[in-house]
Amino acid sequence: MPVNVSPTASPSGNDLEAVARSGSRFRRMAVRIPTYLADVKENPAWLPMFMLARTMPGRRAHWAMSAKYKPTAASAPSIFGDLDAAKIAEDLRRDGIFANLQLPAEIHTEIRDFADATPCFGNFNRGLEFLAPQHDEAEATFGRSLLSGHFFERSLDSPGVLAVQKDPLLIDVARHYLGATAQLITTRIWWSFPTKASSEADRSLASLDKFHFDLDDWRMLKFFFNLVDVDEGTGPHVFVKGSHSRRKTKHQYTLLVGHPADEVLDYYGADKAVTLTGPAGSGFVEDPFGFHMGTVPTTRPRLMMEVGFGVSKPSRRRFHGEPVIRR
C-alpha cells in the first residue's frame, strides 16, 4: 500500500544538544559558525551555495546551468516494481513530492528487526546509547527525555538498508529530477519516540513540530520510508506542496530555515499541507527545499529511513550524523 496523503493543519552530539537547549535561534546559528568555517575551508564552493541557494533567483540560475540527464539504457529491475522514473520526476517538479512507493515486506521487516536489536544514540548524543525497545528504561537511567534515536554509521550494517540505498530506481529518479550530476550523499535510519518530558528545544533538535527547509546543497532529493505503521499518533511527516518552487521573499533573504507553522501556512496555503501516513514499508520522495516537518509521536515510536541525493561533492561532515557512503 502507498503512503496515505491527507491534508493537515558538525558539532558533536553534546554540542548539538547544548545549542538546541540554549533557547535562542540566533545563538544556535552563532555556535554553528565554526562548523560553517570548516565547510568553507574544505570546499570554498560551499559558501556561495549557502548564501544563494536559499533564493529563487540563485536556485533557478543553478538549475539552468545544470547538465541534463539523458538516459542511454533501460533501467535495471527495481525492488519497487515497474515505476516510471521520468513520471515521478514530473510529479516532483509540479508538487515537490511523490507518495506511491512501497518496500517489499522482507526489506522493511529486516530493517525493523535490525533497529530493534541494534543500540541507537539518543538526541544525537553518542553518550546516550540504548536499545529502542528499552526506551522508557533508558530515560529513567539517563534522567532525561529521549526524543530521537539515531544509528549513525551503524545504519549501513543492515542488509535491508543497503538494498534500498543501492536500488536503481532511486538514482534514476534523482537524475531525472536533479540532472546528470545527481549522486548519493546520505543514508540513515532513526527513531522518534513519544515522551511526555520533551521540550521545545528537544523538538527543535529533532526537527519536529516546526516547518523548515533543507539547505545542504544547491539541489537535493530525499526518499523517506516508514518502517513501522504510521498514523496520526506515530508522528507522521508533513509537507507543503508547491513550496519547493515558490518562496516568500522573507523566507529567501534570511539565514533562518525554520519558520512558524502559521506563517508558512498563511502564505503557501493550509490546503497545501499534507500529512503522510501509511503502513510499514510505505514511502515517498520529496524535494526538501519545500517546507516540511516531522511531528511528535504521541502513541507509538516512529522508525524512518532516508536516502538523500545531491549534486555537489559531499562534505566530510555528515548532516544529522549520517555515515560516509559505502559505494
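The values are calculated or read from the model by the stated rules, or taken from the named source; none is laboratory data. None of the values given here were measured: they were computed from a predicted structure. Glycine gets a Cβ as well: all are built from the backbone with ideal geometry, and neighbour counts include every protein chain shown.
Going through the range 59-112 one residue at a time, which ones are on the phi > 0 side of the Ramachandran plot and surrounded by 14 or more Cβ atoms within 10 Å (Cβ to Cβ)? So that I can check it myself, show each step before the final result.
Restricting attention to the range 59-112, the residues satisfying the condition of being on the phi > 0 side of the Ramachandran plot are 81, 96.
Once the filter is applied, which keeps residues that are on the phi > 0 side of the Ramachandran plot and surrounded by 14 or more Cβ atoms within 10 Å (Cβ to Cβ), the range 59-112 yields only 96.
Quick check: is even one residue across the range 231-245 in contact with a helix residue (DSSP H, G or I) (Cβ under 7 Å, 6 or more places away or on another chain) and either closer than 27 Å to residue 166 by Cβ or surrounded by fewer than 19 Cβ atoms within 10 Å (Cβ to Cβ) (or both)? Before you say what the answer is, go through the steps one by one.
The initial filter retains those residues of the range 231-245 that are in contact with a helix residue (DSSP H, G or I) (Cβ under 7 Å, 6 or more places away or on another chain), namely 240-243.
Cutting the leftovers down to either closer than 27 Å to residue 166 by Cβ or surrounded by fewer than 19 Cβ atoms within 10 Å (Cβ to Cβ) (or both) gives us 242.
Yes, the range 231-245 contains a residue that is in contact with a helix residue (DSSP H, G or I) (Cβ under 7 Å, 6 or more places away or on another chain) and either closer than 27 Å to residue 166 by Cβ or surrounded by fewer than 19 Cβ atoms within 10 Å (Cβ to Cβ) (or both).
For the range 220-244, how many residues meet the condition of being part of a loop (DSSP other than H, G, I, E, B), within 20 Å of residue 54 (Cα to Cα) and of a type outside the set (A, V, I, L, M)?
Keep residues of the range 220-244 that are part of a loop (DSSP other than H, G, I, E, B), which gives 220, 227-229, 231, 235-236, 241-244.
Those still in the list that are within 20 Å of residue 54 (Cα to Cα) too: 220, 241-244.
From what's left, of a type outside the set (A, V, I, L, M): 241-244.
Count: 4.
This table checks each residue for (1) assigned to a loop (DSSP other than H, G, I, E, B); (2) of a type outside the set (Gly, Ala, Ser); (3) closer than 18 Å to residue 307 by Cβ.
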residue: 246; (1), (2), (3): yes, yes, no
residue: 263; (1), (2), (3): no, yes, no
residue: 276; (1), (2), (3): no, yes, yes
residue: 290; (1), (2), (3): yes, no, yes
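Is it the case that some residue within the range 62-77 is in contact with a Phe, Trp or Tyr (Cβ under 9 Å, 6 or more places away or on another chain) and in a helix (DSSP H, G or I)?
Within the range 62-77, the subset in contact with a Phe, Trp or Tyr (Cβ under 9 Å, 6 or more places away or on another chain) is 62-63, 66, 69.
Checking the rest, the ones that are also in a helix (DSSP H, G or I) come to 62-63.
Checked the range 62-77: at least one residue is in contact with a Phe, Trp or Tyr (Cβ under 9 Å, 6 or more places away or on another chain) and in a helix (DSSP H, G or I).
Can you tell me which condition residue 115 does not meet? The list is (1) surrounded by fewer than 20 Cβ atoms within 10 Å (Cβ to Cβ); (2) in a helix (DSSP H, G or I), and all the others hold.
Going through the list (1) surrounded by fewer than 20 Cβ atoms within 10 Å (Cβ to Cβ); (2) in a helix (DSSP H, G or I), residue 115 breaks only (1).
Mind listing just one residue for me: the one in the range 297-311 that is surrounded by 18 or more Cβ atoms within 10 Å (Cβ to Cβ) and not in a strand (DSSP E or B) and, of those, modelled with the lowest pLDDT?
297
Go through the range 61-107 and count every residue that is out of contact with any helix residue (DSSP H, G or I) (no Cβ under 6 Å at 6 or more places or on another chain) and of a type in the set (Phe, Trp, Tyr).
Looking only at that region, the number is 1.
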